[in-house]
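Notes follow the structure.
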């Protein structure tokens with residue numbers, strides 16, 4: 001019996017496939033922890049207002065169910081003849097197909113499971129052809145700013161058209177292979193980048209493009225083929241699947257032609273030679289780009305969780321998700337704008353489209369003081385600091401005159417970030433706005 005046959009006949013339904021959600025309501029799925037209560041000043045317990053989704057989103061209930069369904073038959077993949085191993089292998093490979101469909105990948109594209117977006121970018125960095133120059137904006141998250149051996153770094157652009165122009169000029173000056181690296185949605189401001197136009201520019205110069213989609217795919221549909229992207233990278237823990245998996249999806253040739261990301265079982269097709277006494281070994285690596293870069297036992301449950309999140313969001317449909325997010329985003333931004341002394345950070349102005357991420361500073365308060373007060377007094381979780389985007393945050397803080405507060409470990413200042421998604425309520429947003437109004441009135 002083949003693994004596919006086992007997959008189709010197994011019960012319960014396999015996570016990462018449509019049967020898992022066949023009886024599910026099209027309503028927005030629930031998240032775990034929605035009923036969490038946290039201690040605040042005075043010994044009270046308050047319902048937790050989790051506004052830190054951009055760091056790690058909570059787990060969707062269907063994701064938790066998918067992992068629970070897989071655990072009773074959990075086993076190692078690809079090399080076992082037993083029923084549990086065959087079933088787990090089928091689930092793992094079905095998860096790969098689900099992820100491929102979720103991002104609209106081309107039929108021949110590889111889907112390599114990684115730990116997260118950082119891992120995916122570093123994997124691709126090791127697969128670049130010799131002499132490749134990477135063009136990357138300093139507004140990037142460190143995951144896509146730092147892995148490259150040979151890079152041209154561009155200043156944060158003043159408007160979207162300048163991003164396209166700057167990339168055009170930088171790529172035109174490169175002699176040899178090139179890769180343009182850009183975020184789809186900023187992890188600091190939530191602002192959407194013109195990735196379709198940037199892909200067009202990259203291809204006009206014979207270059208490729210990698211899109212960091214970590215902050216986009218939890219909020220908007222992404223179609224790699226329609227946008228003509230070469231590679232996308234994203235993390236499960238941003239996508240309501242906090243089980244330690246991510247993915248690099250894209251063209252297979254660079255991946256198939258590179259040395260394995262890790263050397264070990266699974267990546268090797270055959271190992272010959274060697275009889276001791278220093279006799280050399282000869283290794284033939286797998287020609288399949290996915291196996292080639294997934295050495296060792298993979299995070300099977302993470303892959304199943306990631307696929308279940310993709311299925312759950314797709315089954316819900318993006319229209320209700322985007323509509324509710326934009327309603328809450330408008331409520332939050334209007335509320336912040338009405339508080340004197342609170343300054344939202346933005347690269348391209350208040351009217352530019354964005355996802356549910358807002359960063360700001362508060363006059364008279366350091367970012368850490370704000371975050372601690374929101375947690376200790378109001379039961380609100382936000383993030384403070386420079387969000388693994390240090391050059392970009394410094395650039396934005398300079399623009400609002402907040403570059404020397406010194407509340408971060410490196411002696412510089414930071415900002416406060418509120419971010420949300422599935423499971424966020426209007427009460428959470430109103431509580432944050434009210435709390436900030438209270439804090440401002442104290443100083």
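No lab work stands behind these numbers, since they all come straight from the coordinates. Here the structure is a predicted model, which is why all the values come from computation and not from measurement. Don't worry about glycine lacking a Cβ; one is built from the backbone with ideal geometry, like all the others, and counts go over all protein chains shown.
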Translational diffusion coefficient (Stokes-Einstein; Kirkwood radius from C-alpha pairs) of the stretch 121-229 at 20 °C, 1.002 mPa s, in µm²/s: 155 µm²/s
If you scale each eigenvalue of the Cα gyration tensor by 5 and take the root, what three semi-axes come out for the chain, rounded to whole angstrom and sorted largest first? 38, 29, 19
How far apart, in nm, are two points set 7 Å out from the Cα along the Cα-to-Cβ line at residue 46 and at residue 271? 5.6 nm
For the residue 150, residue 377 Cβ pair and Förster radius 35 Å, calculated FRET efficiency rounded to 0.05 is 0.10
Which value at 222 nm does the chain reach when only helices count, each DSSP H run of 4 or more adding -39,500 (n - 2.57), with the total divided by all residues and rounded to the nearest 500 deg cm²/dmol? -11000 deg cm²/dmol
Note: residue 438 to residue 71 extended length (0.36 nm per residue) minus current alpha-carbon separation gives 127.4 nm
antiparallel share of DSSP beta bridges within the chain, to nearest 5, in %, is 60 percent
Here the FRET efficiency for residue 200 versus residue 97, based on Cβ atoms and R0 = 35 Å and rounded to 0.05, is 0.75
Using r as the Cβ-Cβ distance of residue 340 and residue 34, and R0 as 35 Å, what FRET efficiency do you calculate, to the nearest 0.05? 0.60
I need the semi-axes of the equivalent ellipsoid of the stretch 73-315: take the C-alpha gyration tensor, multiply each eigenvalue by 5, square-root it, list largest first in whole angstrom. 32, 23, 14
Per the rule of 0.36 nm per residue minus the C-alpha distance, extending residue 400 to residue 225 adds in nm 59.1 nm
Ratio of Rg to Rh for the stretch 299-399, alpha carbon only, Kirkwood? 1.04
When a footprinting reagent is the concern and you count Cβ atoms within 10 Å, what order do 292, 327 take, fewest first? 327, 292
Rounded Å value of the spacing that divides the Cα centres of the stretch 173-187 and the stretch 336-405: 27 Å
How much length is gained on full extension from residue 56 to residue 315, taking 0.36 nm per residue of separation minus their Cα-Cα distance? 91.1 nm
For the stretch 166-243, shape from the Cα gyration tensor axes a ≥ b ≥ c, cut at a/c of 1.5 then a/b versus b/c, turns out prolate
Would you mind ranking 97, 141 by Cβ crowding within 10 Å, fewest neighbours first? 97, 141
